[in-house]
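Reading through the structure tokens given below for one structure.
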Amino acid sequence: MEVVVTQDILKANDSIAEQNLAAFDEAGVYTVNVLGSPGSGKTTLLEKLAEKLNNRVKAAVIEGDLATSKDAERIEKLGWPTIQINTGGGCHLEANMVSSAMKNLPLDTSNLLFIENVGNLVCTASHKLGERLRIVVLSATEGDDKVSKYPPMFQKTNALIMNKADLLPYTDFDVDRMEEDARRLNPDVEIFKVSARTGEGIAEVADWLVAKRETWFASR
Ligand code: MG
Ligand code: ZN
């Protein structure tokens, strides 16, 4: 019985996500769901990406958090229109939260939307929001075994951004093992090794995002 209820909720979420996707397509906005654990560096990655993306895209951001607007305040400083969603303790964003938030964003003058999800590797994976692309941030300090321990998250992502690469010498993180696990689950996954702190590898991620957006835009 419990399982049926959960499936129904997910089905309802998926149908709202489809509507969001149609609205984003109509507006020419390429939407990226940014996932990862708390502290993996999602917000810092966006800050660093902004330096590489600013002249090439018109970005907007939806920031999902349990409480506070600390991350949204950081992103707003980048000059990108930002909307905060507070989930009131909820551990993931849902499509209906995004459909409300998007009404307050200038979609007509944006062409790329980042949705920074709540820090969580579990239920965020099963909730579509209306995104065209998913990226998961996994930091060196979390351990390479996260990939095999949370398979749905890594199966469903387009890219795995291994962050805090500058800290690798101080950890037991095995990059080869992480890559093997990720490709076993998801043969098409793009893997980037970056440090959002030092800026290493960020240009490659920015180039990839711009190319993905252009390919999508041309195929519409
Ligand atoms: Mg954050
Ligand atoms: Zn949740």
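Has segment 38-51 got any residue that is of a type in the set (A, V, I, L, M) and open to solvent by 10 Å² or more (accessible area, probe 1.4 Å)?
no
Of the residues that sit in segment 64-97 and are β-branched (Val, Ile, Thr) and over 27 Å from residue 15 (Cα atoms), which one is most open to solvent (accessible area, probe 1.4 Å)?
Once the filter is applied, the top-ranked residue is 68.
Can you go through 160, 168, 185 and tell me which one is modelled with pLDDT of 95 or more, within 11 Å of residue 136 (Cβ to Cβ) and hydrophobic (A, V, I, L, M, F, W, C)?
Sole residue among the options that is modelled with pLDDT of 95 or more, within 11 Å of residue 136 (Cβ to Cβ) and hydrophobic (A, V, I, L, M, F, W, C): 160.
Of the residues 5, 32, 61, only one is open to solvent by 60 Å² or more (accessible area, probe 1.4 Å) and either away from ligand 2 (no atom under 16 Å from the Cβ) or part of a helix (DSSP H, G or I) (or both); which?
The match here is 5.
Which one of the conditions (1) at pLDDT 95 or above; (2) of a type outside the set (Asp, Glu); (3) more than 16 Å from residue 108 (Cα to Cα) does residue 59 fail to meet, given that it meets all the rest?
All conditions are met except number (3).
Can you tell me how many residues in segment 147-170 are basic (Lys, Arg) and under 17 Å from residue 196 (Cα atoms)?
Going through segment 147-170 one residue at a time, the tally reaches 1.
Of the numbered conditions (1) open to solvent by 10 Å² or more (accessible area, probe 1.4 Å); (2) modelled with pLDDT of 95 or more, residue 54 fails exactly one; give the number of that condition.
So residue 54 meets the others, but not (2).
The values are calculated or read from the model by the stated rules, or taken from the named source; none is laboratory data. Everything numeric here is computed off the predicted structure, so don't read it as measured data. Using ideal geometry, Cβ is built from the backbone for each residue, glycine included, and neighbour counts are taken over all protein chains shown. What goes into the accessible areas is simple: the full protein's heavy atoms, side chains included, and nothing from ligands, DNA or RNA. Shrake-Rupley method; radii C 1.70, N 1.55, O 1.52, S 1.80 Å.
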